[in-house]
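Accompanying notes for the structure given below.
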Amino acid sequence: MSLGEERREKKRGGANYNRRSIATASVTHHPLPHPVVESRPPDPQIHSSPPMDHHHHFTPPPPSPMENTAAGASSKPPTPASTPNSRLASGAPSSRHSATPSHASATASAPTPASRTVYSDRFIPSRTGSNLALFDLAPSPSPSHDAAASGPASSSGSVPATSPYCALLRAALFGPDTPDRVASSATACSSSSSAGASAVGTPATGNIFRFKAEVPRNAKRALFSGEDEEDALFPGIFTTRGAGPRKIPRSPYKVLDAPALQDDFYLNLVDWSSHNVLAVGLGNCVYLWNACSSKVTKLCDLGVDDNVCSVGWAQRGTHLAVGTNQGKVQIWDATRCKRIRTMESHRLRVGALAWSSSLLSSGSRDKSILHHDIRAQEDYVSKLTGHKSEVCGLKWSYDNRQLASGGNDNRLFVWNPHSVQPVLKYTEHTAAVKAIAWSPHLHGLLASGGGTADRCIRFWNTTTNTHLSCVDTGSQVCNLVWSKNVNELVSTHGYSQNQIIVWRYPTMSKLATLTGHTYRVLFLAISPDGQTIVTGAGDETLRFWNVFPSPKSQSSDSLNCIGGTSFVRSYIR
């Protein structure tokens, strides 16, 4: 044999040896610690088929003749030793198919048109039919399962499926457990346990890739839901914010002693300016209390022959009108503590004042209402007549187009700026009408309250001239004021409970009932920021209450000097 032939023989023998090694390695099985799912080779004809209809139900592929023969020989599942290595490249045939002749594989991989299975590339989970056992979150169907869960699984450090944590997590991911879900979960658990080493994600149970059941509305993910849904899914777990009524402090945060504050239902002795200064009429004097600095200033002294019957700030907050017992109306510059003008037009005491820009309206015991233009030389520019008794309530609307007046004749009148006779007359009250308030939220909405014999708060629509509603408060209505921040109002009362009530409009539900005064709460004013009210009574005290929330557009530090929570008692003079 020549040298070349010898080399060719060695090469031929080496190639045969290599082929024998590869063939031997392809049939060698390496045992694994756990059973490995068998991989089925893909059907080459499927990839060449046209796109499928997504509504086609997924059905298991028919077994090949090789698998039918194996199933007929033995019904046992494959052992770890006979399971092919899972690390083989995808698309490579398993050892079972490699041992099958090539003509048998071709016959098995050519399905008929009636039995050809169409696979989908779209993954749409169905929560109602999901197999919870895959996530170790399935509820325990029987007590024996609880005992098994608390055994070796718990000792190894895993959380049992019946723990509160798993219950909350299961509800967060799949929604609350309903009877149909519990039944479907139990069925899924039993089918999963009986399948054993069946392929995970295969259509053995037919639940994972099913596009059929609609997700219930109440099964939305609680992790991204609102407050109400969290409370519905987890009652008692999450704390809801802002669900209940607003909490209003039941006690005043500040009390001022106001000696000689008169106990007279027909007077109006307290008013709060837009510059955060409180004016109080005490006897024959007027005092100014600065809410930011708590500084008290004596504005005027009328002398021993006269008394203060009413005070009213101009809208700009720089001028104060004072009505006296002798029928005089004085205009004071509060910044300089100087009297600017005195108008002597009424014959009797002036118990009500109301500003509309540069026009000042005054109501008197002489049954008349006078309009004073502080720019004109005359004491008054017009006189309104209509009441049969003392005028004790007077308020301009926020747009300055309507003036409401209440009198001791149980009448409520509405005037326009140019009329000398009332344009609207309301006679439903059965007692004196002192409490009057216009709504800042709805044009033409007017609230009025009656005295001891009436005890009612009535609401009127002055645009359509209709009586809207009536609420019996059970006691004398002394004052009314609307909140400009929220659609609520406050009423103060006299005989017999002397209470302060915060109402929500239009339901007129009571948000809070505040008590503390020992006499009738005859005087009421609201702070310029709309959060605080001050009440005055014949017990010679002024009490400050935080009853309304801050407006949304207002910064939190604006006017924070009057929003304190500490209790302070001091003197107004």
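What the table shows:
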item: Residue that is least open to solvent (accessible area, probe 1.4 Å) [pool: residues in the stretch 269-303 that are of a type in the set (S, T, N, Q) and on the phi > 0 side of the Ramachandran plot]; result: N276
item: Single unsatisfied condition, T464 versus (1) open to solvent by 40 Å² or more (accessible area, probe 1.4 Å); (2) assigned to a loop (DSSP other than H, G, I, E, B); (3) in contact (Cβ under 8 Å) with a residue 40 or more places away in the chain; result: (3)
item: Selection count where residues are over 18 Å from G283 (Cβ atoms) and part of a loop (DSSP other than H, G, I, E, B), scope the stretch 304-324; result: 5
item: In the stretch 474-505, the residues that are part of a strand (DSSP E or B), more than 23 Å from G407 (Cα to Cα) and touching a residue at least 60 places away in the same chain (Cβ under 8 Å); result: E488, V502
item: Condition met for I374 (in contact with a Gly (Cβ under 7 Å, 6 or more places away or on another chain) and within 24 Å of L359 (Cβ to Cβ)); result: no
item: Among the candidates A447, A453, residue that is open to solvent by 10 Å² or more (accessible area, probe 1.4 Å) and among the aliphatic types (A, V, I, L, M); result: A453
item: Members of the stretch 342-368 found to be exposed (fewer than 14 other Cβ atoms within 10 Å of the Cβ) and more than 15 Å from V286 (Cβ to Cβ), listed by number; result: E344, R347, S357
item: Whichever residue in the stretch 243-298 is of a type in the set (A, V, I, L, M) and in contact with a Cys (Cβ under 6 Å, 6 or more places away or on another chain) and, among such residues, is nearest to N479 (Cα to Cα); result: L267
item: Cβ pairs under 8 Å, 6+ apart, first in the stretch 413-429 and more than 24 Å from V471 (Cβ to Cβ), second of a type in the set (V, I, T) and surrounded by fewer than 20 Cβ atoms within 10 Å (Cβ to Cβ); result: W415/V423; N416/V423; V420/T385; Q421/T385
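The values are calculated or read from the model by the stated rules, or taken from the named source; none is laboratory data. Given the structure is predicted, the values throughout are model-derived calculations rather than measurements. Every residue, glycine as well, gets a Cβ built from its backbone with ideal geometry; the counts of neighbours run over all protein chains shown. Ligands, DNA and RNA are stripped out before the accessible areas are found, and what is left, the full protein with its side chains, is counted by its heavy atoms. Shrake-Rupley method; radii C 1.70, N 1.55, O 1.52, S 1.80 Å.
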